[in-house]
Structure formats: structure tokens, C-alpha cells
Amino acid sequence: MPAQASDTTIIGGGVVGLCTALGLLQAGRRVTVLDGADGDLRASQGNFGLVWLQGKGAGFAPYAELTRDAVAAWPNFAAMLQDVTGTGLSLDQSGGFEFFTDPVELADFAADLERQQAYLGNRFSHEIIDGDKLRRMHPQIGPAVVGATFCAHDGHVNPLRLLRALRRAVLALGGDLKTDAHVTAVAEAPGGGFDLTFRDGTRHGTDRVVLCAGLGTSSLAAQLGFSTRVYPQRGELLITEKLGYRLPFLSSTIRQVDEGGIQIGGTKADAGPDDSETLDVMAGLARQAVSVMPALADVRVVRAWGALRVMSPDGYPVYARSARHPGAYLVTCHSGVTLAPLHASVLTDWLDENSNAPDLEAFDETRFAISDAA
Amino acid sequence: MKPASRFLTRPDQVGVVHMTLDGEALTARPGDTVAAALLAHSGAASRQSVNGSSRTAFCMMGVCFDCLIEVDGQPNTQGCMTLVRDGMALRRQRGLRDIARSDADA
Amino acid sequence: MRDADLIIIGAGPAGMAAAATAAEGGAQLLLLDEQPRAGGQIYRDVGVNGDTRPFLGKDYAAGRPLVGALDAPGITAEFGATVWRIETGRRVVWSRDGISQVTTAHHVLLAGGAQERPVPFPGWTLPGVMPAGAAQILMKSAGLLPRDAVLAGSGPLLYLIAAQLIDAGAPPRALVETQTAGMMLGASRHLPRTLRAAPTLFKGLALIRKIRAAGVARHTGASGFKAVATENGDIEFGFTAKGRAHRLVTPLLLTHQGVVPATHMSRAAGVAHDWCEAQQSFRPKTDTWGGTDAPGLHIAGDGAGIGGAEAAQAAGRLAALDILHRLDLLGEEARDQKAAADRAALDRALAIRPFLDAAYPPPREFLAPEGDTIVCRCEEITATDIRRSLDEGANGPRQVKTATRAGMGPCQGRMCDLTVRGILAACGTPPSTPRARSPIKPVKLGELAALASYQETST
């Protein structure tokens, strides 16, 4: 395995691919990032920007651990990106709420957080807050809210500036970013390494290939001998006009972007590749936001959109080395923002097979085969 | 000094509508839009952009949103799409809009 | 069960003509317009102005019968009605007085018309700089006359406004034209076809004669526009013409580089668009009846390609005839028969278009500006910002938007889409149509939330 001085090609120029590239570049590797067309499904351009821990991995301890590590690594990561690119990300990790209007849902989620607490011990803390106490803390909260959970580790960034900073950082560190580079085929090259074919018929040779292509992953994964298939899950979002007023809280469904707009989201739908915004969901999101904070009623929505999450079969990340094609790797997840600092650091050690590489065995795709057999 | 209106007003209109702009009296003609009334009144800025530069109404047809103004307590109202009315209270916006305060905040 | 046979969006020449034809053919229709009164921009307030503003001319007064014809059985007209979503299922969501409602119909006709092409240059956001068409709207709707204005740019509308101002007793201080003799010469190859539009051409020549006779200073071949504010709030307008730098001080600089289809609504409705090189604009793809690839959705008038008011009326009637046919209210043969006169009128009205498009092309400095010129007025994003995002890998309108925030303000890109496209094209990126989404005009969260309960009770 020629780990040193090798060429690595990252297929996918979103947050996951760029973070992976950034880590390799910082370790001195030569890296090419292949980005697709403007109209591709780009989860990195439609997301909510949460750096979120609460509820993550309630049913899967390794994911809870991974997310906890990522959240802890964010301040240094944001500072590094600011240093390298001059782009501030407006990282704010002062804690986040989940609001509930249904007491049963609150109780269910509280039970999830108990499991997460058991996994993480003193590396995690959470609170359950009843509605009246919540309204004493934040009088803006509406009467329909029966309670909330709060986790002091939660936060958010400006996701579009994150994407731009990552691009700038990859370029600043000498990475080669190719756009409109749609890979249609990937195969092992006769003399070692890999041979990639682009849609226009041109080709690109590389020693290693890391597949970070989001919803474009599945067909190339198959060609590299991976069994993982990802599927889209639609989320819809609203954003309002900018406010001078500062929202006094952050939640997983209502947050204020540093520029001033209130972003509202959190829906999940199985709609195939359709990223449309729909009237029912837009109205439902608005109703949810107004019930959490009635004063938002007179604030105008200026944009709505649908975006497609990249979901693995069990929803957790996949970090896999190809058994059949050494030098080929698969990296896919739907929490590319939260996990960004790890993708730009310890994932490098894992790709380079360094002695200090983290144990990512639990995230190998073999887990799907096991669960299929069970 | 307040810049004079950049427009001449034709004398072919009858009637008068009484409003206020930042608390001071402002008259307009029935059927005018708020944006037209402001342009007839003075050449001064009627709004600040997100970065604080001066703007006045621009496209006059609801496209550009440069005529945003607070109308009867409603911020970011399109002045070029809103007809004047007796008693209307207009306030020019400086900086981003605020949110309506709930009683609990007061 | 549908609420109406047809919903027409826009009460300008295309929408009004379509409404009259459709109603006459027996359709029950809802006509929605965002403005307080019928007319669109070209015939704005023609119904209430009567004969009080003769300086606006005979072509303006010609809109009055169209407004009068809206008072017909079968037509329900709603004004102050802002459409913010059109669904392929022919549901139209619109807002008035802070309340949104959903109306269904068998057919939808978009007649949203045009908007002025953005004319970006250093200083175009200053108070005292406006589009010329905006000033004309003020002349029509408020009786306001630009004071000592400088008209700058290109296109027949500049001549018309100059002539109207002369007739109103408020002549412009100067007319600064960007077009050159060469452009006019290049356009002359279209003249043989244009002969069919001789009346239009003569009208234009008469306007220019009037401007000359009034002694209005004229500069041609102007470039390098720049506006700065003087101490007392006037505009100092700088430009170069015939190799000489000029400076004009004026309370009001009115610019114009033609009008373009307002495609936000049609793009958000999912209609396929292409790029029209001759008119330097996005344009929905339509068939000869105005039909689109979106089922049940027609587009007529300037929103489907700039043709002017007479072409818009003809196109509106053609779309209405086709919709009547699809509603089984008119046989195919009868449709085609009735359409003959409108097709002839449309051809006549469009005959001059290739000449106008070639004679008054928008100069590159406005299509693909450079430096500190603001491109996105809402977010104050400059041409340099846009170009830098391209250097960092943005390779289309969507990535420019997400990288720079150009187009993310309340106008939703209406004032910068074309300029971003121009810069992308100038930098070698093949053009693609930017996506638009609902709500196509801002809508309050409370209003949207109320719609949730509406839907629950109605389904």
C-alpha cells in the first residue's frame, strides 16, 4: 500500500469530500477533488448547519462517541479554517433545544437521551425542561410547547460559509479542484491504482480513490465492490427575511443564521430524487415555528426549498475500505457538517493506515450484511 | 439639509390624504402608492440597505424591494404596492427590521 | 371539482385580452393582479386617468377599452392579489390583505409581463438613480414628472419617455444613448422584414424629431457610466462619449436598457426555459398557442418573450382560444378560424422586433460588469465577489448564489439573475437557467401557518 507520496482522488466536492481532502492535504498528500455539475443534488448547499449531539447515536454507541468527538473538535477546526482562508463560520456552541408540543414524543425522546447518556457518561449532559420553566427562561416560547430537552454541547455554523471556506482551504493548500467532473466509471488500472472515466470520455489516473459522492455514490460504489447503497431523504426548509432581533435560543428546527434570517426545518420525507418544496410541508413548518414562538407570525418567508439527505441503510455513517480493490475507500454520512472536523483529521490517519488511526470498524459496511442475515 | 423632491407634481389631482412619516405630517394624493408619496415629498433616502447605504424606491412595480418601509407598525412593507390611506403612520427603517415584542418581553 | 375554468395571472394587455376572449367563449375565470388596478405597467391606471394626462399619448389611451372589457359576466377580477405559488396540479396560491388562499382551475394562464433589464454600474443604487420605466410608472400612476432628468441608456422607451416629458412641459436635461451608429447599421439588415412594421418605425422617428426640436442635448455611443452623489443629494453622472469624458449633474438619472420577460413565476412553476440570445434574456419555451411543457399552463405576452403591448394582446387572445378549445368550449376548427386574425396581428406586431433587438443591444458593461459595481442590490454583492466565487469553483448560478448570497434577498434574484448569468457567460461557463422556487414573493409565517389549518379543513 503506497501510503506515502501517493495521489489521492476524492470523488465529490461537497462538505464530506472537501473535509477529507483538507485532512490529506494537511498531511502532505497530493489530492484531486472532483466536483460535479451545478445542478447536481448537493446536500452541502441545502442543509441546516447544525453541529449537533443530542439524540445522535441513541441506538448505536459508536455513533454517539464519534459525534461527541466531532462536536468537541469543532472550535479548533473553525479557528483553523478561519486562519487558512480568512472566512469566519459563525460557530456558536452555546447549547440547543428540542421543543415538543406532544408529551408522549417528549417522553420518548427523553428515553433516547438516557440511552445516549449511558453511552457517553460524563462526556454528555442533558436536561428535560417543562413548559412553564421554559417560558420563564424564554418568555417568547408559545403555550403549545409542553416541554423541551436541552443539551449544552449543541451548536450551529453558517453552512454555506463552511462550504466556501473548505473550498478556499483546499485550494490554498494546493489541492486540485476539478469542476464539471462527472465520473461515470472507475476501475482498477492494470499497473496499479485506479482509472476514472469522465462523462466526456476523458480519463484520470490515481493511486487511491475516496468515494464521497453523496447521493451520486451508489453506482460508483458498486463498481468498486462496495455493497452500500444510499438513498435520498427529503427535508424541507424555510428562511425568513433578516431580523435585527436576535433569537434567544437555538433548536434543531428553528435557528437564526448569523446574517439575521430565521431558518426553519427538520422534516423528513421519502420522495425519491424530487427536491421540490411542497405546500403542505411549508405550511406545516410555518405552523410549527409559530407555535414554538408566536411572535414569528409577522416575519416573512423569503425562500423555501427541499434538500435531499444522504442516508445509508441504517442512517449511520459508512467508512469502508474496499476488500476487492485496495486503495479504494467509501465515506458517506448525512451529518457532514457535525462530523466535519473528524473527516479533516482522524479520517486522514484511517486512510493512511497510520498507527494512531481510529478504529472505525463499527462503521464498515459489513454491518449491513450482518443485519440482513439476522 | 433635506434634498428637494426629484419630481414635479402635476396639479391635476384632487383631494388630500393625511399621514405621518417618522411622526411628522405628510400629505399625499388619493390613489398614490406610499412609494410615490415619499418620492413626491422629498429626494431623501427612504431606507437603508442591509449594509447601511441609502436607498429610495427603485422599480415601482413590486420587483426590487428597495421601497421597503414600516407601515402602521408592519416593517418591510413594499411601499410601491401599498396605497396611501388617511392616518397611515410610516416609519423609515434604519438597519434590519425588528420583531413584534410579546407582552412577556415588556 | 375546480374553483374556476381558468386562472389568469396578470391584468396587463395579454391578461386582459385573454380574459375578454375566454369569458366571451363561456369560460368562468379568475383574473389575479398584484397591482391595485388593471392595466399592467404599459396601461397602468389607464382606467382611472381618463383624459387628464394627454402627454402620455394615444398608444397609452388605447388600453382603455381592454380595461372596460373586464366588466363582463364570467370574469372575477381580484386586485392587490399576489400569487406566490403555482403548482403543476393547477393550484394557484395567492395572498391578499395578509390572507393566503388556494384556488384550483383546469387551466392557468401566466401573463406576468416584463420587467426592466437591470442596468448595473457604479452608483446605480444611489437615491436619484432609477429605471426610466419606473419614472414612467410614476407619470402614469401618480402624475409625477421627473425634474431636469437625464435619460441614459438605449431603446425605444427612452425616446417615448423623453417625448412624453416634453409634451408634459418637463423636458429632460439630456439624452445619453449607449448605442452607436454601427449598431444601427448592423440592424438595418432586418429592415426589409421591418417594412411590414413601418407605422411603428415612423412613430419612433417622430419621437426622435420631437426630441431634436425641443433642443434636448443628445450624446450617442456613451459608455463608462458612473454615478456619485453630490453634497446636496443630486447625482453627478459621468460617462464617455466620442472619446470625451462628460459630467452631468441632475436630480434624477433615469437608465434603461430594454425590458426582459419576468420569468420568476414561470421558472418556479417548473416550465422549461431557454436562453434568448437576441433579447439577452431567459424565456419560457412555448408553442404557437402559448402552451408550455407544464400541463394546463399557458404563457402569453411579454413574459414569453418581448413583443410589446399589441403582440401581447394577440398572444393573450390566442392562448384564450386554445384554452377554450381544451375546455371543450370551442371546436378545433373554430379555434383555428378565430385565431387567424390574431396570428396576423401577432406577426405584424413582431415584425419590427428583430430590428429593435439588433439596433438597441445592451452593452457588455451592463451585461457582465466588473469591479465594485453592485450586482445583487439586496445583499450588496459586487461583480468582483461574483467573479471570485467562479475562481473558487462555482460553475453555475446555484453555486454562485450559495457562495456569495447573490439572489438571496427579498427580491429573490429578480434584480441580479441576468447579471450573474452575464458574468458566468463572460467567464466561459455555459449558461443554465437559474431555478426559482415558491414563495415567489415573501409571505408571512403566520399567513403560511393559517394555510395549514385551511388545508386540513378543506381536504
Exercise. Can you name the residue in region A:263-284 that is outside any loop (DSSP other than H, G, I, E, B), closer than 23 Å to residue A:247 by Cβ and more than 20 Å from the chain's Cα centre (by Cα) and, of all such residues, is farthest from the other protein chains (Cβ to nearest Cβ)?
Worked result: A:281
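Which fully enclosed strands (runs of 3 or more DSSP E) of region B:10-106 have 2 or more residues being of a type in the set (D, E, K, R) and buried (at least 19 other Cβ atoms within 10 Å of the Cβ)?
none
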For this session: Among the candidates A:156, A:126, single out the residue that is open to solvent by less than 30 Å² (accessible area, probe 1.4 Å), closer than 28 Å to residue A:19 by Cβ and away from every other protein chain (no Cβ under 14 Å).
Result: A:156
For this session: Would you confirm whether any residue within region A:19-27 is open to solvent by 10 Å² or more (accessible area, probe 1.4 Å), part of a loop (DSSP other than H, G, I, E, B) and outside the structural domain of residue A:266 (by TED's automatic domain parsing)?
Result: yes
Exercise. Just checking, how many residues over region C:406-429 are open to solvent by 10 Å² or more (accessible area, probe 1.4 Å) and hydroxyl-bearing (Ser, Thr, Tyr)?
Worked result: 1
For this session: Consider residue A:315 carefully, then state whether it is within 10 Å of another protein chain (Cβ to nearest Cβ) and not β-branched (Val, Ile, Thr).
Result: no
Seminar exercise, completed: The condition of being closer than 22 Å to residue C:264 by Cα and in contact with a Leu (Cβ under 8 Å, 6 or more places away or on another chain) holds, among C:20, C:4, C:77, C:105, only for C:105
Exercise. Within the set of pairs 6 or more residues apart or between chains, which connect a residue that is facing chain A (nearest Cβ under 9 Å) and under 20 Å from residue A:48 (Cβ atoms) inside region C:384-413 to a residue that is of a type in the set (Gly, Ala, Ser) and open to solvent by 30 Å² or more (accessible area, probe 1.4 Å) with Cβ atoms less than 8 Å apart?
Worked result: C:398/A:39
Problem set entry | Tally, over region C:101-135, of residues that are within 9 Å of chain B (Cβ to nearest Cβ) and outside any loop (DSSP other than H, G, I, E, B) | 8
Exercise. For residue B:3, are the conditions met, namely being farther than 30 Å from residue C:406 by Cα, open to solvent by less than 50 Å² (accessible area, probe 1.4 Å) and touching a residue at least 40 places away in the same chain (Cβ under 8 Å)?
Worked result: yes
Seminar exercise, completed: Picked from region A:248-284 (must be open to solvent by less than 40 Å² (accessible area, probe 1.4 Å) and free of Cβ contacts under 8 Å to residues at least 24 places away in the same chain), the residue nearest to residue B:48 (Cα to Cα) is A:260
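Out of C:311, C:340, C:344, I need the residue that is outside the structural domain of residue C:182 (by TED's automatic domain parsing), surrounded by 21 or more Cβ atoms within 10 Å (Cβ to Cβ) and in a helix (DSSP H, G or I). Which one?
C:311
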For this session: Residue by residue through region A:238-256, note down the ones that are within 15 Å of residue A:300 (Cβ to Cβ) and more than 9 Å from chain B (Cβ to nearest Cβ).
Result: A:238, A:239, A:240, A:256
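Does residue A:68 satisfy being open to solvent by 20 Å² or more (accessible area, probe 1.4 Å), farther than 16 Å from residue A:159 by Cβ and touching a Leu at 6+ places or on another chain (Cβ under 6 Å)?
Answer is yes for this residue.
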For this session: Only one of these is more than 17 Å from the chain's Cα centre (by Cα) and over 25 Å from residue A:13 (Cα atoms): A:59, A:55, A:36, A:88. Name it.
Result: A:59
Exercise. Pick from A:303, A:321, A:287: which is within 14 Å of another protein chain (Cβ to nearest Cβ), open to solvent by 10 Å² or more (accessible area, probe 1.4 Å), free of Cβ contacts under 8 Å to residues at least 60 places away in the same chain and of a type in the set (Lys, Arg)?
Worked result: A:287
Exercise. Taking residue C:47, is it outside the structural domain of residue C:169 (by TED's automatic domain parsing), outside any loop (DSSP other than H, G, I, E, B) and not hydroxyl-bearing (Ser, Thr, Tyr)?
Worked result: yes
For this session: Determine which member of the set A:46, A:14, A:88, A:39 is outside the structural domain of residue A:128 (by TED's automatic domain parsing) and open to solvent by 50 Å² or more (accessible area, probe 1.4 Å).
Result: A:39
Problem set entry | strands (runs of 3 or more DSSP E) contained entirely in region A:162-212, each with at least 3 residues that are away from chain C (no Cβ under 14 Å) | A:183-188, A:194-198, A:203-206, A:208-211
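The values are calculated or read from the model by the stated rules, or taken from the named source; none is laboratory data. Predicted model, so just to flag it, every value in this text is computed and none were measured. Don't worry about glycine lacking a Cβ; one is built from the backbone with ideal geometry, like all the others, and counts go over all protein chains shown. We work out accessible area using only protein heavy atoms, side chains counted, and drop any ligands, DNA or RNA first. Shrake-Rupley method; radii C 1.70, N 1.55, O 1.52, S 1.80 Å.
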